[in-house]
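Beneath this line is the structure, given in structure tokens, with notes to follow.
No lab work stands behind these numbers, since they all come straight from the coordinates. The structure presented is a predicted model; accordingly, all values stated were derived computationally and were not measured. Neighbour counts are summed over all protein chains in view; Cβ atoms, including those assigned to glycine, are modelled from backbone coordinates with ideal geometry.
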Amino acid sequence: MEAGVSQENHSDKAAIVAELIRSRRTIHEFLPQAPPREPILRGIELARWAPNHLLTEPWRFYLLGRKTAAAIARLNADLVSRKQGPAAGQDKLQRWLAIPGWLV
């Protein structure tokens, strides 16, 4: 345990993290600006510690550029259009193009 962190404080933080994990949902509406870089880097660092099969550590992270993200959005919109019609494809395209940054 970290120096200066009480057991109670540690338990409170663990409970908060557990609740965040349990209540996580996919969102489709994003703020127009990309989030700050530091929390993303902290999240990637924590993700690297996730359990994995045979300790192979298969984690790869890619920050997509605007052209690549737009190409993926158009491809997905085409697929949605074929299955659900042009209006659904256009809605998907607009929603995906509004995502300010893609880390995959």
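Modelled spin-label separation between HIS28 and GLN84, with each label point placed 7 Å from Cα along the Cα-to-Cβ direction: 0.6 nm. Ranked by the mean number of other Cβ atoms within 10 Å per residue, highest first, peptides 11-22, 76-87 order as 76-87, 11-22. Among LEU41, GLN84, LEU55, flag the residue with its Cα farthest along the positive direction of the charge dipole of the range 32-103, charges on Cβ as +1 for Lys/Arg and -1 for Asp/Glu. Towards the positive end, the residue furthest out is GLN84.
Segment GLU57..VAL104, full-extension length gain: 15.3 nm, with 0.36 nm per residue of separation and the alpha-carbon distance subtracted. Coupling constants for the range 98-104 follow from the phi torsions by the Karplus curve (6.51 cos²θ - 1.76 cosθ + 1.60, θ = phi - 60°), and in residue order they are 7, 5, x, x, 10, 10, 10 Hz; glycine and proline get x.
Relative to the Cα centre, the charge distribution of the range 32-103, modelled as +1 at Lys and Arg Cβ and -1 at Asp and Glu Cβ, gives a dipole magnitude of about 240 debye. Amide H contacts of TRP102 (H built 1.01 Å from N, in plane; Pro and chain starts excluded): LEU64 sit under 5 Å, all sequence-distant by 5 or more or on other chains. The lysines within cross-link reach of LYS83, meaning a Cα-to-Cα straight distance under 29 Å and a gap of 8 or more places when in the same chain, are LYS67, LYS92.
The modelled label-to-label distance for the pair ILE21/GLU38, using points 7 Å beyond Cα in the direction of Cβ, is 2.6 nm.
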